[in-house]
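Shown next, in structure tokens, is the structure this report addresses.
The values are calculated or read from the model by the stated rules, or taken from the named source; none is laboratory data. Source: prediction; values computed, not measured. For neighbour counting, all protein chains shown are included, and Cβ atoms are generated from backbone atoms with ideal geometry for every residue, glycine included. Areas reflect the complete protein model, heavy atoms only, side chains present, ligands, DNA and RNA absent. Shrake-Rupley method; radii C 1.70, N 1.55, O 1.52, S 1.80 Å.
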Amino acid sequence: MSKLKYFFIAGIITLFPGQHGLTGAEAIKNKLSDLEAVKKESSFLYTFKLAKKPFYSLGDSGNGWLSLSFKDTDKPEGFGASLVNNPYIHLDSAADKTKTDFVLTTDIYHGRVTCGWINERSVFLVNIESADDTENTGNANTGTVIKDIRFGFKENAARMVIGTLERPRWRIEYSETNALMLFIDATSERVKTRNYSSDKWLNSAIVSEINDKSTSVRLDLNSAPDQTGISWIPVGNRFVLDMAERPEEILVRLSSDNNTEKKDTPAKYNINDPEKNEFRNIVRMKIDKNVAMNNIKNSTANEKVSVPHITADIKPTLKETLTASADITVNVDKLSPGEAFLLGRIRQAKEISDYGMGITLANQFLNEFPKSILREAIAFWRGDFYFDQWEKGDKGIGEKVIRAYTFAVENFEKSKYVPPAYIRMAIVASEMDNGYQALGYLSIVISRDIPELTPLAYLTRGKIFLQIDQTEKAIKDFKTILDQYSDTKYAMEANLWIGNYYHKVGLYQEAEKKLNEIETMYPGLFLEYPDSILLNAKNYIYLKKYSEAREHLFRAVNLGGQQESLDLLLSRIGDTYHNEENDKEAEKYYRMVVDYYPGSEGASISKLRLAEYFSDIAMLDEVGKTSTDETISEIAQLEKGYQLFENKEYAETIKTIKEIALKPIQTETRKDAKRLYLRSVEKEIERLKDAGMYNDLIFVYDENREDITDKINPEALVKVAEGYRKLGRNDEAVRVYNQINAHDIDIDSRGNFMLGLADSYISMNDTDRAITFLEKAKKEKIEQNDLQMVNMRLADMYQLKGRNKEAEDIYNQIIKNSNTLPPHDMAKAYLNLGINFKGRKQYNEARNALVNSINIALDNKGSQELLPRSYIELGNVLHAEGKYLQAVKAFEKGFDLGYDSDNQDYWEIRFRQAMGYIKTGDNSKAETLLGDISEGGEDSILQQRAQLKLGSIQLSKQLKVLSMGED
């Protein structure tokens, strides 16, 4: 998983073409072809037709308007003139020419602002919804204070909740593919934790204070966000930023609706498919240094990764608390015998709750007596029969319930039975996933203002709002009950759901206060609403008050009637002890569940915990094979993977969880498995690299390459490339290196990447590419030691290409900063500088540099491999200076230390050594060397020169003998 690090100055991000993964194609300008601004009943919808997904900035201007900017986006000529008469949008004439800026003018308070990219239609939407509550909805303030920051996660979505003293001004900026910037006019001096990380879709968050009145938050994501939303929650003063990889269905439908009828038609919301909702059952958690779940990329082998806990959510259930339609009081004498007979039988069916018989008889009555005075009552009774049968479990007749009541309502619209019928229709429609249809029925009841029914309608509507995750609207309905109908029986449940709301948005202390208040006000609450006990328990768990949570869980066990079975409740009791690190008591409850509820979900969870305690892989295998619940089975395999990972058995970890990790439908467990799979591949690569087992390293990479492409940690890719390089497969090393963005690597290892790629180019004799890359690399932010090594490589390449002055300047710079390099590299720097000076005939400087290289190497064993070359080069300099005796001694030292024929200039140096012997009068040694050169030298010209010199020496000897003979 890529982990990007960036640096901010005064909240300004500077992007250069080609950086941060932008390709040449992405750098092409975007094009705006059309836009539309439509005012709806309680919102404004802005639609922008673009050639491709835009980079944009959206912010609160502070005066009730929003400013929207598209970066590098062209607009049609004369576009501004077409907006002159539109009161809701106009071009910002003062905008930067490289941007297309708009001002979005509305006449509502901004409760929520959602923007998203609908790829299928190439449309960018901005939807501005009015605030539900006029409290705290005035213009945003400048210079407020951030109290805390919390995060919540959903699959491929995340929520950041910022607690502030007042509503702040804000701006979001999307200018990098997988990142968002939030700028908020609030000081963050109270925020202790400024770096957050997670193993979810939101990878990391960095909080930076720009000045004493404003703060920036950088959010790095695992993929590009197609939807973002800003909302203000007056309860608790919460500023909320929602982010999602894909636009939710409501936003997609808005784009479709706007292209057709252009009216405020509510989009269907699927309450049973969490993938299509915004944040259903989201877990909010405050992240700090002590409790943050670090990205698994940063975890260590010794880090304990516990079994994911399966948490329950308290779901609102709609209870029908109405009495049945009133009994019929009529003079039987006014009825025909047939009417009286059927009426009697219908009453009998009603008394014995034979709903099927009641439906049959009611249908018969309505068909046979279309003019009967009982028609109204029988029509509503028929609806009641259908509803009662549906409520008893026959959920497949929902449409029939609604049709029966619809018949009654349409034929007797002024009947007193109409409002109760609407409430029952709403209950059925909601469970059929027709939430908005249900809301419509309830709004009709509320509009009629019937004292005995209105609070029930508000309560039912509030619970439906909860089901479709429109919590703010739900709270508004519940508050209405408390404000206007506090003396009714519905006030108790309204209070309960307000407490649940506080819990869901992460306000656990407020939830505790509210729930305790409810318990005091309504002592019988738990008898009527048993699920409230589990809500209390959950809230105490989040507050880490495990003793109080346990007390409520025991109460739930004793009282019964919970959404969770006894095996799960008992396993949760074990969890409270587990969280208190009281393993002995926890084990007792886990074993109780295993013994008394074998084969249950709670037993499987308890076995997972016990296996975690005792590192019992056999038990995990048993759960994985025997559990009928796929989730539990996969969690068992995942826990086995964690234990293997902890034991550093990375290859076995990969085998264990790879199948789960690569399943196409991603659950949270499978996503955790995928993260562990990736981490295990990375750790196995690291292990093999450290062991020098490069063939095995490449095998592991090749085996998993297709499944980890674009997901593997780039630092692991550096090790893969190094493996190819160590095996001499430099072309493949370069291919892998080129998949890596330097800015995706931590600064402490970025230098290894740059040096490795440069060395691959050098090994391929591609000096020009090596120089080009090294010149760029030295401008990057890397460790000082790595920078010196980059400079060293660059100087070597300059010297190889004959750019000696440039090489000299760099070597001098390296030597000046000698404290940052190890002795080996300093010795090498002096050696190369000496060679450079020699090439430019600056022999005095060359000699000093080479002597320094030799002295450093002599003092450090790790540098002595440089000595042969250093002595040879010193000999070359001394020979050039005419200091032949010193030169031949330096040559002898170099050859004695191992300077051999593997060096290209070996025979040339030997010839020069022979010339030195001749200059010093040691012709015997010269003859021996020249003979070796003429016989073993690889250069024919050099061999001829050696033979000539050898002949000259022999001729001189003969002449000397002749001269002596004449005497």
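Observations on the structure shown:
- Taking θ as phi - 60° and the Karplus parameters 6.51, -1.76 and 1.60, the scalar couplings of the range 553-570 work out to 5, 4, 4, 5, 4, 6, 7, x, x, 8, 5, 9, 7, 4, 4, 6, 4, 5 Hz in sequence order, x denoting glycine and proline.
- Loop-located GluC sites (Glu not before Pro) in the range 380-439, at most 14 other Cβ atoms within 10 Å (DSSP): 413
- Restricting the range 575-644 to GluC sites (Glu not before Pro) that sit in a DSSP loop and have at most 15 other Cβ atoms within 10 Å of their own Cβ leaves 580, 581.
- Close amide H partners of residue 745, meaning residues 5 or more places away or on another chain with modelled amide H under 5 Å apart, do not exist here.
- The range 576-727 - charge dipole about Cα centre, Lys and Arg +1 at Cβ, Asp and Glu -1, debye rounded to 20: 440
- Within the range 861-952: Cβ-based charge dipole about Cα centre, in debye rounded to nearest 20 (Lys, Arg +1; Asp, Glu -1): 400
- Alpha-carbon centroid distance for the pair the range 753-806 / the range 189-240, whole angstrom: 39
- Where the Cα pairs of the range 725-834 fall when distances are cut into 10 Å bins, in %: 15, 45, 34, 6
- For the pair residue 547 and residue 649 in one chain, pulling the backbone fully straight at 0.36 nm per residue adds 32.9 nm over the alpha carbon distance.
- Using θ = phi - 60° in the Karplus curve 6.51 cos²θ - 1.76 cosθ + 1.60, the 3J(HN,Hα) couplings for the range 491-499 round to 5, 4, 6, 4, 4, 4, 6, 5, x Hz; x is entered for Gly and Pro.
- A crude spin-label estimate for the pair residue 222 and residue 860, with each label 7 Å from Cα along the Cβ direction, gives 4.4 nm.
- Cβ-Cβ FRET estimate between residue 211 and residue 175, R0 fixed at 22 Å, reported to 0.05: 0.60
- The range 813-863: chymotrypsin sites (Phe, Trp or Tyr not before Pro) in DSSP loop, at most 13 other beta carbons within 10 Å: none
- Note on residue 881 and residue 748: the extension gain reaches 43.3 nm, defined as 0.36 nm multiplied by sequence separation minus the Cα-Cα distance.
- Per-residue HN-Hα couplings for the range 770-775 [Karplus 6.51, -1.76, 1.60; θ = phi - 60°; Hz; x = Gly/Pro]: 4, 5, 4, 5, 5, 5
- The range 36-78 shape via C-alpha gyration tensor axes, a/c threshold 1.5: oblate
- Prolate/oblate/rounded call for the range 671-780, Cα gyration tensor, a/c under 1.5 rounded: prolate
- Charge context of residue 893, other residues only, Cβ under 12 angstrom, K/R +1, D/E -1: -1
- Counted over all Cα-Cα pairs of the range 373-493, pairs farther apart than 16 Å make up 60 percent.
- Length added when fully stretched, residue 954-residue 709, from 0.36 nm per residue minus Cα-Cα: 81.1 nm
- 5 angstrom amide H check on residue 89, placed H, neighbours 5+ away: 105
- Annotation: for a label point projected 7 angstrom from Cα along Cα→Cβ of residue 452, no residues of the range 367-397 have a backbone N closer than 11 Å.
- Cα shape, the range 823-967, gyration tensor, a/c 1.5 rule: prolate
- When the range 628-709 is reduced to its Cα atoms, the Kirkwood hydrodynamic radius in Å: 12.9
- Magnitude of the charge dipole, the range 713-811, Cβ model with Lys/Arg +1 and Asp/Glu -1, debye to 20: 200
- Computed with every protein chain present, the accessible area of residue 578 is close to 30 Å² [probe 1.4 Å].
- 14 Å cut-off, amide nitrogen to a point 7 angstrom out along residue 767 Cα→Cβ, residues in the range 826-842: 836
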